[in-house]
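The values are calculated or read from the model by the stated rules, or taken from the named source; none is laboratory data. The structure displayed is predicted, hence computed values, not measured ones. Positions of Cβ are generated from backbone atoms using ideal geometry, with glycine treated the same way; all protein chains shown enter the neighbour counts. Heavy atoms of the whole protein, side chains included, go into the accessibility calculation; ligands, DNA and RNA do not. Shrake-Rupley method; radii C 1.70, N 1.55, O 1.52, S 1.80 Å.
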Amino acid sequence: MSTKSVAKQLKSKGLQRLRWYCQLCEKQCRDENGFKCHCSSPAHLRQLAVFAQNQRSVLDRFSEQFKAAFLSELSLNYRNSRVSVNKVYNDYIANKQHIHMNATRWTTLTEFVRSIASEGICMVEETNKGLFVTYAPESKLSLANTNKRIAQEDVINRKENKVVDTK
């Protein structure tokens, strides 16, 4: 391996600026000129054509990947503890291979966190110090079990009402 290739490899190990990253091609460029050259390359133009054909599915795929990876980070490192959303996000983006939020359907981290809170995946608390999230999968399971039990009771009640109505 030449000295030049070793230096190039060492430079590419760390995170680069988000500004010069193409999520469609998953390519990191070092500067504006490199990004401009990448955007005019045939490979990038092919990816844009694919994206133009089915924008919604590409956006949904990136959104689901982001959500799964973010929740994985949350569940592995911060299970059952109250933590700042920014702390979790910073830990998540420390991985060089992460999905960038600007490739998802959510425009802000706050919007994303509120959407997962509305789904009942985690609890969100808004304070003057920012958003704090608590991931407690047990509460989600107990909520699902409660909903399942209510649905079963509903079915039993309907059956009993039908039996009473037929008599």
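Worth pointing out:
- The range 35-65 residues near the modelled Glu111 label - backbone nitrogen below 19 Å, point 7 Å along Cα→Cβ: 55-65
- For the range 26-73, the per residue solvent-accessible surface stands at 65 Å², with DNA, RNA and ligands left out and a 1.4 Å probe.
- Taking the protein heavy atoms of the range 24-74 in the context of the full set of protein chains, the accessible area attributed to carbon and sulfur is 54 percent at 1.4 Å.
- With 0.36 nm allotted per residue and the present C-alpha distance subtracted, the Phe51-Leu24 stretch has 8.9 nm of extension available.
- Among beta bridges identified by DSSP and lying wholly in the range 79-142, the antiparallel ones come to about 90 percent.
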